[in-house]
1. Of the conditions (1) part of a loop (DSSP other than H, G, I, E, B); (2) surrounded by 15 or more Cβ atoms within 10 Å (Cβ to Cβ); (3) modelled with pLDDT of 95 or more, residue 42 satisfies every one except a single condition; which number is it?
2. What tally of residues in the stretch 1-33 results from selecting those that are surrounded by 14 or more Cβ atoms within 10 Å (Cβ to Cβ) and within 11 Å of the chain's Cα centre (by Cα)?
């Protein structure tokens, strides 16, 4: 998962709360950091996304494959 995919996934799942969640919510699974701080420290965005999903009880069905754009038609 790229950072841009992480950003889209968070925005799609949490809407207006996404900015506050990324910058304010501390996640123990990524070293007691906010998602933004964890990514800045080098934690892969996918690991941060999964920790965020676990913390906020996002259903498993909405955790995988989110944030990706559809492939371009050739």
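The values are calculated or read from the model by the stated rules, or taken from the named source; none is laboratory data. As the structure is a prediction and not an experimental result, all values here were calculated from the model. Backbone-built Cβ (ideal geometry, glycine too); neighbour counts: all protein chains shown.
1. (2)
2. Taking the stretch 1-33 and keeping what is surrounded by 14 or more Cβ atoms within 10 Å (Cβ to Cβ), we get 1, 5-11, 13-14, 17-18, 21-22, 25, 27, 29-30, 33.
Then keep just the ones that are within 11 Å of the chain's Cα centre (by Cα); that gives 1, 5-11, 13-14, 18, 21-22.
The total comes to 13.
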